[in-house]
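These notes are about the structure you will find just below.
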Amino acid sequence: MATNARSFVKREGINPISVSVFTLFHVGAIASLFFFSWPAFFAALVLYWVSLSLGIGMGYHRLLTHRSYKPPKGIEYLLATCGTLALQGGPMFWVAAHRVHHQFSDKDGDPHTPRDGKWWSHIGWMLVGDATHCNIDECARYAPDICKDRFLVWLSKYNYVPLVVLSILLLALGGLPFLLWGIFFRVTMGLHATWMVNSLTHCWGRRRFATRDGSRNNWFVALLSFGEGWHNNHHAYPTSARHGLAWYELDMSWLAIRFLQMVGLAKSVRSASLHRLGYNVAHSGPLAVIVGVSSIFLLTYLLGWVIRSFNGTGVPVTSPRQSTNGPGSSSPPSREHAANGGQGFVDLCKSIRLNCWQRIEGDDGHCESNALILNAAYSDYERQASPWLSIILSSHHEDPGVVKQARNAAAKCLSSLAGGFLCVNLWVAKTQSFANEWRSNNVTG
């Protein structure tokens, strides 16, 4: 059986496609350092999380490979698509290769054991033979469930399409800096973070469990890979959706899965526990809520920060010289002028709030906190955004400090509004009496 497994990943000859692509991306990553901008950096940071945590950790690894939880098919396909953005091939071969790794971990037949060389386990195995192939007949032996799914088979065959589409969008929206940071730098860092799981976590770290391989828990790799570095835990409990078993072992991918479970979007979640082994480990439920909500606010803020740094043409906003109140003016626009310029956004905000209340109305339970969140978000938006919206829309003002102040105010109220809206939709308000009373006092009239 080991012979068959070894033949699964061919080791003879250089793979010219892999060598060329990886070389190109490393050169692009170096080039990105000469085109730095904060919006491009934050865009890369968000995409790094989307591709590596949602795509590889939650999608390819814990869902498709180990079936640690069961989400709706739409979410499964979305996570798989996010995984293709990491440039680690399609789900079919990734799943098959990883299942082979678990079956022959650090033995003859393991496609990337460091016992064949540390650099071999890190990147060498990807540069030879046909390590990036997706032959259905060979993959069907180890990933029959993936090979029976038409969408996942199509995604495996055309796994480069989502990344190409994303590249075009980034180039159109942010130019060369967004392309270099959001694609080349981000993908290169993600590749090395994943490869560290194959190499470093089988060489350096602590071993909580006496597994039959050399797997170890490495906090540094776990930090870079959103929890995949707790590798000894994972090899001891391969089908567990939770890799960071102790409260201090941060596992962002697990917290996201736990969050999906709490809102009803993940079923049959398998989770290992240290309690029966005598460990005093805190429950992750409250932490999942805190991290989940905080991530929503953080990602919304970062997205708003990126968007507000560009005008309608996708050109970065620099220090403008023309005032919205006329040439030579260095003061903020008048309240009346700004209110007129931002009225459409205020109307949209009102529409969102009314839509939220339509969802709330008629339910039972508790909604006071959600109502207050929504009201505070709207008030914050109307109070802070209206005076500055005309500056953001026109991207012109004499004083750069005013522009910076406008951006900060708009970003703060944008995150407040979006965060409140998402909270209301995630935890639908339940108390009908309070909802009706609060709505009559604050929305109508």
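Values in this text are rule-based calculations from the coordinates and carry no lab data. Keep in mind that what you see is a predicted model, and the values were worked out from it rather than measured. We place every Cβ from the backbone using ideal geometry, glycine too, and count neighbours over all the protein chains shown.
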> How do W120, W230, W204 rank when sorted from fewest to most other Cβ atoms within 10 Å of their own Cβ?
Replying inline: W204, W120, W230
>> Based only on other Cβ atoms within 10 Å, what is the fewest-to-most ordering of V164, V21, V221?
In response: V164, V21, V221
>> What distance in nm lies between label points placed 7 Å from Cα along the C-beta direction at Q103 and V21?
In response: 2.4 nm
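Counting Lys and Arg as +1 and Asp and Glu as -1, what is the net charge of the other residues whose Cβ lies under 11 Å from the Cβ of E76?
Net charge around E76: +2.
Determine the equivalent ellipsoid of segment 2-238 by diagonalising the alpha-carbon gyration tensor, then write out the semi-axes as square roots of 5 times the eigenvalues, largest first, rounded to whole Å.
That gives 27, 20, 18 Å for the three semi-axes.
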> Which order results if E76, E228 are arranged by neighbouring Cβ count within 10 Å, fewest first?
Replying inline: E76, E228
